[in-house]
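Presented below is the structure to which this report refers.
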Amino acid sequence: MARTITLHKDAVGLLGFSHKDNLITSVMKESSASRNGLLINQRIVEVDGRNVMAFKNKKLKELLEDAPMAVTLTLMPAEFYGELTKKLVNFTRTYFLNATAQILAFYAFCTTKTLEGGIILCFATQRRNKPKTVNIMPACMFVQLSA
């Protein structure tokens, strides 16, 4: 499911790939990315152990630019990522919608460990209990991914 690779920046500080949000869209020939087996249609899940699943293009670009010369990426095939986020959204709707709290925003989530064909996810939601009162609620869940 998820795999980790380490890329090295070239002389001008590039890693050798392009991305849109966290999706790899192209890999430059003869780059660290191509030599280390980076493929298109992979989702970047973590950069140097930091969750980037909810990052937009600008923020991820800044993080990669500011990273050291060697950067470790955790990647997941786009199809598994899609399955994972669908299960997570369905779980969030089912679990958190109740009479006292309504989910206002889905903040961020991250993979913490890969276990026996599944992933443990940690995420946070924003809930409103009373007018003008907002709580951030952390949660974790295990998602079994089909092969």
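Observations on the structure shown:
- Check on residue 47, under 13 Å from the mean Cα position of the chain (by Cα) and either surrounded by fewer than 15 Cβ atoms within 10 Å (Cβ to Cβ) or β-branched (Val, Ile, Thr) (or both): yes
- The stretch 2-31 - residue that is under 13 Å from the mean Cα position of the chain (by Cα) and assigned to a loop (DSSP other than H, G, I, E, B) and, of those, modelled with the lowest pLDDT: 2
- Matching option when the condition is among the polar types (S, T, N, Q), surrounded by 20 or more Cβ atoms within 10 Å (Cβ to Cβ) and more than 17 Å from residue 79 (Cβ to Cβ), among 26, 32, 18: 32
The values are calculated or read from the model by the stated rules, or taken from the named source; none is laboratory data. Predicted, not measured: the structure shown is a model, and the values here were computed from it. For neighbour counting, all protein chains shown are included, and Cβ atoms are generated from backbone atoms with ideal geometry for every residue, glycine included.
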